[in-house]
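The values are calculated or read from the model by the stated rules, or taken from the named source; none is laboratory data. Quick caveat, the model's predicted, so the values are computed rather than measured. Backbone-built Cβ (ideal geometry, glycine too); neighbour counts: all protein chains shown.
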């Protein structure tokens, strides 16, 4: 397998082959799986593979059963570009310790969230930072910097 359990076709369909125990697929399992593809193809157009996938509770073809592998859905991670770090800003209102922790957690995870989710969370925190939406995201990051003692 190429690309960590993904051939180019599996990558395009956001699929991935893993070992049945969840570990990455090894080279031996990959070879066995692909050698049995010829058996799966018999008698015509993957007849054996179709029957075996219908008989298996996990929908595996014969090659997967023998190699002890599973094909899973593995969506690509859609990452946003990191937001520029803003200066430090004091919150508009005093924050409880759990609110401070939530603001810091937001700033740490913001780059892994979509822009829409960032703004949704900023709208929830709008009373503490004085703004929602895109401006609220920037102010939340500024409050997190202030809480952490950054300049």
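The table below lists the values:
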{"read-out": "Scope segment 96-112; condition buried (at least 17 other Cβ atoms within 10 Å of the Cβ) and within 25 Å of residue 76 (Cα to Cα); matching residues", "value": "106, 107, 110"}
{"read-out": "Segment 1-14: number of residues that are assigned to a loop (DSSP other than H, G, I, E, B) and touching a residue at least 12 places away in the same chain (Cβ under 8 Å)", "value": "5"}
{"read-out": "Segment 20-57, residues that are surrounded by fewer than 16 Cβ atoms within 10 Å (Cβ to Cβ) and touching a strand residue (DSSP E or B) at 6+ places or on another chain (Cβ under 8 Å)", "value": "20, 24, 26"}
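For every residue, the table says whether it meets (1) at pLDDT below 90; (2) farther than 21 Å from residue 11 by Cβ.
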{"site": "42", "(1), (2)": "yes, yes"}
{"site": "45", "(1), (2)": "yes, yes"}
{"site": "48", "(1), (2)": "yes, yes"}
{"site": "54", "(1), (2)": "no, yes"}
{"site": "63", "(1), (2)": "no, no"}
{"site": "68", "(1), (2)": "no, yes"}
{"site": "73", "(1), (2)": "yes, no"}
{"site": "76", "(1), (2)": "yes, no"}
{"site": "79", "(1), (2)": "yes, no"}
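Listed here are the residues, each with its yes/no results for (1) more than 30 Å from residue 111 (Cα to Cα); (2) assigned to a helix (DSSP H, G or I).
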| residue | (1), (2) |
| --- | --- |
| 16 | no, no |
| 29 | yes, yes |
| 32 | yes, yes |
| 50 | yes, yes |
| 53 | yes, yes |
| 60 | yes, no |
| 66 | yes, yes |
| 71 | no, no |
